[in-house]
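Notes for the one structure printed next.
Readers should treat all values here as calculations from the given coordinates under stated rules, not as data from a laboratory. For clarity, every value in this text was computed on a predicted model and none was experimentally measured. Cβ placement follows ideal geometry from the backbone for every residue including glycine, while neighbour counts extend to all protein chains displayed.
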Amino acid sequence: MTSKAFKFVVGHESGPHSCSWRLWPQQDDIYLLQLGTAANRIKFSFHKSGLSRWALVSPMADGSDRAFAKWKSETAPKGAGAATLLLRITFPTNHLSTQYRIEPETYMIEAAPTNMATSVDIMITREEKESIINTYAGDANIDLHYIISMKSRGFLFAISSKHSCERIDINSPHQKHLSPFPNLRFPDKDTEMTGRPIRMAIMGPDLTLPTVWELGGHRLPIK
């Protein structure tokens, strides 16, 4: 655990894993990037106002809103013994890839067993750091990986993980009017032994529990 930028993957030291993710503080805000092809284009941001955004990095040419999703989080008062979930990133173990290199100084979050998933929670709380550490130390089902103090905001940001049941099988059709990411397959079982060279993050529609799934897949031949 540290107070600096935090870079992590979900997976196994010598086996398949997710993309790398990087979270860092900047003034009064926190930013999160999925490192890879989208890293220079899309980011999550968690702002002092309580507003969170999933948005393009650069402004739109026509001046329109660059955010794909926005949600507001209310933080419990100090002493309530509670944390507020800002974002959950779920990594189905069957969707981890073998074709991505892990960069130096990257923290490894151990993946759940086959046919399960690892849920990584990004949270905010007004509680003291020692209180948070002690709370998680008493729960064998949840691991605490990172804490950063935002003194100017009176908050702590924390990252934890737990295992859950999550199996996903998705086809993205090649008809462009049906999908913004055509001709892709994200199967539950990689029966073709592709190694899942393509990784994609998709966000669920329910922003009362903001959840992103990182999936691994491959291209389909166009018929």
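From the helices alone, meaning DSSP H stretches of at least four residues, give me the mean residue ellipticity at 222 nm for the chain, per-run term -39500 (n - 2.57), in deg cm²/dmol to the nearest 500.
-1000 deg cm²/dmol
Using θ = phi - 60° and the Karplus form 6.51 cos²θ - 1.76 cosθ + 1.60, what ³J(HN,Hα) does each residue of region 212-221 get, whole Hz, x for Gly and Pro?
10, 10, 9, 10, x, x, 8, 7, 9, x
Between M193 and V57, what is the spin-label point distance in nm, taking each point 7 Å from the Cα along the Cα→C-beta axis?
3.7 nm
Please report, in debye to the nearest 20, how large the charge dipole of region 61-166 is about its Cα centre when each Lys and Arg carries +1 at its beta carbon and each Asp and Glu carries -1 there.
Working: 11 positive and 13 negative charges, 69 e Å.
Around 340 debye, computed over region 61-166.
Please state the charge dipole magnitude for the chain, taken about the Cα centre, from unit charges on C-beta atoms (+1 on K and R, -1 on D and E), reported in debye and rounded to the nearest 20.
660 debye
Counting other beta carbons within 10 Å of each Cβ, put D169, D65 in order, fewest first.
Lowest to highest Cβ neighbour count: D65, D169.
Once a ≥ b ≥ c are taken as the square roots of the eigenvalues of the Cα gyration tensor of region 6-219, is the result rounded (a/c under 1.5), prolate (a/b larger than b/c) or oblate (a/b not larger than b/c)?
Because a/c hits 1.5 or more and a/b fails to exceed b/c, region 6-219 counts as oblate.
So what are the ³J(HN,Hα) numbers for region 82-91, from phi and the Karplus equation (6.51, -1.76, 1.60; θ = phi - 60°), rounded to whole Hz, Gly and Pro as x?
Karplus values, whole Hz, x for Gly and Pro: 10, 10, 9, 6, 8, 7, 10, 10, 10, 10.
Convert each backbone phi in region 144-152 into a coupling constant with the Karplus relation 6.51 cos²θ - 1.76 cosθ + 1.60 (shift: θ = phi - 60°), then list the ³J(HN,Hα) values in order as whole Hz, x for Gly and Pro.
9, 10, 7, 9, 10, 8, 9, 4, 5
Which of rounded, prolate, oblate describes region 54-148, given a ≥ b ≥ c as roots of the alpha-carbon gyration tensor eigenvalues and a/c under 1.5 marking rounded, otherwise prolate only if a/b is larger than b/c?
Judged from the Cα gyration tensor, region 54-148 comes out oblate (a/c at least 1.5, b/c at or above a/b).
Hey, can you rank 123-134, 69-80 by average C-beta count inside 10 Å, highest first?
123-134, 69-80
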